[in-house]
Amino acid sequence: MKATDKPTAFLNVQVTAIPGIDPKTGKTKYTVHFNPAALQVTEYDTVINYQLVDPTPAGVVFKSVTVKPGREDQLSDPSISESGKLVTFSDANTKKANFHLTLHFKDKAGVEFLHDPEISNEPPPQLMLHATLMPEIGNEPPPGN
């Protein structure tokens, strides 16, 4: 089996953003949780989804995504669904690296907030393909040469 024969790996992260009141400012402040809390990517060409789920209020959406360091030819451009509830991108996972995402959120009242989950790339071991050197049939040297 070649690496490209494997089915695509998917990592799904459930995101909750719960509003509260900041006692210092009296303004809305969100507490964000991820399940799983951190991602370790172990397969090539993995699709990663961050999805807002209950009990997140209906008016909270993803606004944008930034990545530090740069995507390093590992992460595709993120795509945000029409509903704003899902962010999807793919990870080539060909280099060991750590990426710090910044997920930017916005609620229906215009309150913006962000959170910084991390993705760790742990590429699978390289497949060692050994070719056995055998002469092609009909292409052997004549005896005695």
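Between 52, 75, 39, the distinction of being touching a Lys or Arg at 6+ places or on another chain (Cβ under 6 Å) and either under 17 Å from residue 11 (Cα atoms) or free of Cβ contacts under 8 Å to residues at least 40 places away in the same chain (or both) belongs to 52 only.
The number of residues in the stretch 10-31 being surrounded by 11 or more Cβ atoms within 10 Å (Cβ to Cβ) and farther than 22 Å from residue 90 by Cα comes to 7. Every condition in (1) at negative phi; (2) open to solvent by less than 50 Å² (accessible area, probe 1.4 Å) holds for residue 93 except the one numbered (1).
The values are calculated or read from the model by the stated rules, or taken from the named source; none is laboratory data. All values reported here derive from a predicted model rather than from experimental measurement. Cβ atoms come from the backbone with ideal geometry, glycine included; neighbour counts cover every protein chain shown. Ligands, DNA and RNA are excluded from the accessible area calculation, which covers all protein heavy atoms including side chains. Shrake-Rupley method; radii C 1.70, N 1.55, O 1.52, S 1.80 Å.
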